[in-house]
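The values are calculated or read from the model by the stated rules, or taken from the named source; none is laboratory data. What you see is a predicted model, and the numbers here were worked out from it, not measured in a lab. Positions of Cβ are generated from backbone atoms using ideal geometry, with glycine treated the same way; all protein chains shown enter the neighbour counts.
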Amino acid sequence: MQENNRVLKRPYRYVYEVLAIILPIAALIYSLQLLPRFGIIIYKEQYLTLFIAICVAISFLVKPFSKSQVRETPPWYDIIGAVLALIVGGYIFLNYDEIVRSLGLITTDKVIVSVIGIVLLLEVARRHVGWTMVSVGLLALGYAYFGHYLSGMFETRVIRWDRLVTYNSDRCCSWSAAAMRSLISPSP
């Protein structure tokens, strides 16, 4: 279904090609466990976060905002989306040890990265799958935030919005990591 994808021209084509080349090379390096042989330890979640960031950046470059906006150069907001995806993914990739060690602490940088990451993932889901998947994601977030108003077995505990976004950002990466792990490296 490439009829509504962009056919990029330079320099965006080069950026797309570099990102697309990095994906299989990174998958090969991770699958063959080459980095630990050189004393570099990369956790699977850390790697898969980078993988997701590159996929989201490619999606912003190739998939237009709407079907009627197919053109050869991405508009400014798609370029910003791609850059933000790489920044968020790079931040998590480079600071993964610190993020894991302080999982229970809510900091401003975690909240900002989480909000941007969730918005970018929802937008890419909308572009590829449609509003149904975005609605499911927003419904889950809404239930987690407003569920304490329900009663009985549907009642949840009160959760602050900053904890909600950081927790769900961590969970989104974990769920995505589990799905991608099965695609990239089927062995446990």
**OP:** Just name the residue that is nearest to residue 127 (Cα to Cα) out of those in the stretch 1-33 that are among the basic types (Lys, Arg) and not in a helix (DSSP H, G or I).
**Re:** 6
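Got a number for residues in the stretch 34-53 being under 15 Å from residue 123 (Cα atoms) and either outside any helix (DSSP H, G or I) or of a type in the set (Val, Ile, Thr) (or both)? Before the answer, list the steps.
So the first thing to find is which residues in the stretch 34-53 are under 15 Å from residue 123 (Cα atoms), and the list is 52-53.
Applying the additional criterion that residues be either outside any helix (DSSP H, G or I) or of a type in the set (Val, Ile, Thr) (or both) yields 52.
Total meeting the criteria: 1.
Taking the options 77, 91, name whichever one is without any contact (Cβ under 8 Å) to a residue 24 or more places away in the chain, loosely packed, with under 12 Cβ neighbours inside 10 Å and not polar (S, T, N, Q). Show your work before the answer.
Values: 91 fails: loosely packed, with under 12 Cβ neighbours inside 10 Å.
Criteria check complete, one pass: 77.
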Original post:
Which one of the conditions (1) more than 16 Å from residue 162 (Cα to Cα); (2) touching a residue at least 40 places away in the same chain (Cβ under 8 Å); (3) surrounded by 14 or more Cβ atoms within 10 Å (Cβ to Cβ) does residue 110 fail to meet, given that it meets all the rest?
Top reply: (1)
Original post:
Of the residues that make up the stretch 98-108, is at least one assigned to a helix (DSSP H, G or I) and farther than 17 Å from residue 46 by Cα?
Top reply: yes
Subject >> Some residue of the stretch 152-166 being assigned to a helix (DSSP H, G or I), at pLDDT 85 or above, closer than 22 Å to residue 44 by Cβ and not hydrophobic (A, V, I, L, M, F, W, C) >> reply: no
